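Trainee: Shown below is the structure under consideration.
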Amino acid sequence: MVTGRPKAPLVLADEERLQLNAVAKSRSLPHGLVMRARLVLLAAEGMANKAIADKLDLSQQSVSMWRQRFLKQGLRGLHDELRPGRPRSVSDEKVAHLVRRTLATQPKDGTHWTVRTMARHARLSAPTVHRIWHAFGLQPQRQRHFKLSPDPFFIEKVRDIVGLYLHPPDKAMVLCVDEKSQIQALDRTQPMLPMGLGYVEGVTHDYVRHGTTTLFAALDVASGRVLTSCKRRHRHQEYLAFLKEVDESVPRKLDIHLVVDNYATHKHPRVQRWLAAHPRYHVHYTPTYASWLNQVEIWFNLITQRAIRRGTFRSVKDLITKIDNYVQQYNPKATPFVWTATADSILKKIERLCQRISETQH
């Protein structure tokens, strides 16, 4: 005996079945739409509404509703309908006025607008101001720092160094070299409170200084591995000693291309004489104020964030030991940094920045 009303047969055209299968297998479309596509495919196979509901963990009413929607509207019926909402209370003119005021003015008692100060001046609620700022990507509380290089050979140096990264020479090793000076061995005045459920790690705001060290590093662009050495100071003597360590570590058959900045230590006469006596070395200086071209700066940021900044060190020796441990753990798993920016793309970005500066001054 058949109970309930008979269901209208659900027959799919070949194109509909292909589209529904694509939606049902998607990992990027909304979950609800994916479930409805699966629902329709199961119904087309003759499965009862109750069985579909059990399989997809839905109610029978939902299955029946979406089945009827598909029968009446096809694939379009599986999408959510727009629901009526409250009419907008802020006119386009008010929004435009708020955006112009945010971009072109400053409050009399501060350097930038905040949500609350702008809300008071614009006679809007703070959540409304926040939504408008978010919609237009306005962040008055933030700044980005920049520094244009005055180097007269900026373009030539950028093309030279980027060329090394994108098209490294044969039978040669490209090393990005620099030193991170004055790394402090800081010890907290009281024991740390460990992280727990519901609260973060606790540390005292004050600390005891136990001295400093300088970390010299040479990053192999091809492999991502680093050669490091900690020294008490960062004079030309220490830099030259580090170069000798590099020289012993790199096979004699390879040329060495060094990417370094313009720090006076790197250009000291004794260093220059040593390099002249070792013709396999080729030095490439980054432009002034353009240390971001040196890939070893990326690695310095990694070790700072992961091993130094939040560390507690009872002596300089303890600091050096933990730096060495980090390097020993890093090198076996190292991968090269992927450099994708071309010289032309970098120069065009700087050109746009210069245009913005020029437009602001006028």
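Values quoted throughout were computed directly from the atomic coordinates according to the rules given, and no laboratory measurement underlies them. Keep in mind that what you see is a predicted model, and the values were worked out from it rather than measured. Neighbour counts run over all protein chains shown; Cβ positions are idealised from the backbone, glycine included.
Trainee: By average Cβ neighbour count within 10 Å, what is the ranking of 309-316, 283-290 from highest down?
Mentor: Descending mean neighbour count gives 283-290, 309-316.
Trainee: Amide H neighbours of R188 under 5 Å, at least 5 residues apart or on other chains, H built in the peptide plane: list them.
Mentor: So R188 has HN proximity to V208, F313.
Trainee: Follow-up. List the residues whose amide H sits under 5 Å from the amide H of D255, counting only those 5 or more places along or on another chain, with H placed 1.01 Å from N in the peptide plane.
Mentor: Here the answer is A172, M173, since their amide H atoms fall under 5 Å of that of D255.
Trainee: Tell me the mean residue ellipticity at 222 nm calculated for the chain from its helices only (DSSP H runs of n ≥ 4, each -39500 (n - 2.57), averaged over every residue, nearest 500). It would help to have the intermediate numbers written out before the result.
Mentor: Numbers: 13 runs with 156 residues, N = 362.
After summing the helix terms and dividing by residue count, I get -13500 deg cm²/dmol.
Trainee: Sticking with this structure for a sec: Which pairs, out of K157/K349; K267/K317; K25/K55, put more than 27 Å between their alpha-carbon atoms? Can you show the working numbers first?
Mentor: Details: K157/K349 16 Å; K267/K317 30 Å; K25/K55 16 Å.
Check vs 27 Å cut-off fails for K267/K317.
Trainee: Note the full-extension length gain between S249 and R209 as 0.36 nm times their separation in residues minus their Cα-Cα distance, in nm to one decimal. Walk me through the numbers on the way to the answer.
Mentor: Numbers: separation 40, 0.36 × 40 = 14.40 nm, distance 3.38 nm.
My answer for the length gained is 11.0 nm.
Trainee: Quick one: work out the % antiparallel among DSSP beta bridges in the range 154-351, nearest 5. Before the final figure, lay out the partial values.
Mentor: Details: 19 of 29 bridges.
About 65 percent, rounded to the nearest 5.
Trainee: Contour minus end-to-end for Q182 and I298, with contour as 0.36 nm per residue of separation and end-to-end as the Cα-Cα distance? Walk me through the numbers on the way to the answer.
Mentor: Details: separation 116, 0.36 × 116 = 41.76 nm, distance 1.79 nm.
Value of the extension gain: 40.0 nm.
Trainee: Let me check I've understood the local charge: for D344, count other residues with C-beta under 12 angstrom from its C-beta, Lys and Arg +1, Asp and Glu -1. What total comes out?
Mentor: Numbers: positive: R159, K348, K349; negative: E351.
Neighbour charge sum, excluding D344 itself: +2.
Trainee: Among T189, T228, which comes first, then next, by fewest other beta-carbon atoms within 10 Å?
Mentor: Values: T189 10, T228 22.
By the 10 Å Cβ count, ascending: T189, T228.
Trainee: Now, a different point. For the chain, modelled as a Gaussian network with Cα springs under 10 Å, which listed residue fluctuates most, T265, T204, T342?
Mentor: T204
Trainee: Fewest to most neighbouring Cβ within 10 Å: what's the order for D344, D57, D178? Could you put the intermediate results ahead of the total?
Mentor: Values: D344 11, D57 7, D178 24.
Result, fewest neighbours first: D57, D344, D178.
Trainee: Add +1 for every Lys or Arg and -1 for every Asp or Glu among the other residues with Cβ under 11 Å from the Cβ of C176, and state the total. Present the calculation step by step, with values, prior to reporting the outcome.
Mentor: Working: positive: none; negative: D178, D220, D261, E297.
That sum, taken over residues with Cβ under 11 Å, equals -4.
Trainee: Additional query: Assuming R0 = 30 Å, can you tell me the calculated FRET efficiency for the pair R120 and Y199, based on Cβ-Cβ distance, to the nearest 0.05? It would help to have the intermediate numbers written out before the result.
Mentor: On the way: r = 35 Å, r/R0 = 1.16.
Between R120 and Y199 the formula returns 0.30.
Trainee: In what sequence do C354, C230 fall when counting other Cβ within 10 Å, fewest first? Don't jump to the answer; show the numbers that get you there.
Mentor: Working: C354 11, C230 21.
If I rank by nearby Cβ atoms, fewest first, I get C354, C230.
Trainee: Consider all pairwise Cα distances in the range 124-212 and report the whole-number % of them above 18 Å. Show your work: numbers first, answer last.
Mentor: Values: 3035 of 3916 pairs.
Considering the range 124-212, 78 percent of its Cα-Cα pairs are separated by more than 18 Å.
Trainee: Net charge within 14 Å of W299 by Cβ-Cβ distance, Lys/Arg positive one each and Asp/Glu negative one each, not counting W299 itself? Don't skip to the end; give the middle numbers.
Mentor: Details: positive: K180, R225, R306, K333; negative: D178, E179, D220, E297.
Net local charge, W299 excluded: 0.
Trainee: Whole angstrom only: what separates the Cα centroid of the range 299-360 from the Cα centroid of the range 67-112?
Mentor: If we compute the Cα centre of each part, the gap is 40 Å.
Trainee: Moving to a separate point now. For the range 346-357, what does the Karplus curve 6.51 cos²θ - 1.76 cosθ + 1.60, with θ = phi - 60°, yield as ³J(HN,Hα) per residue in whole Hz, taken in order and with x for Gly and Pro?
Mentor: 5, 5, 5, 5, 5, 4, 5, 5, 5, 5, 5, 4
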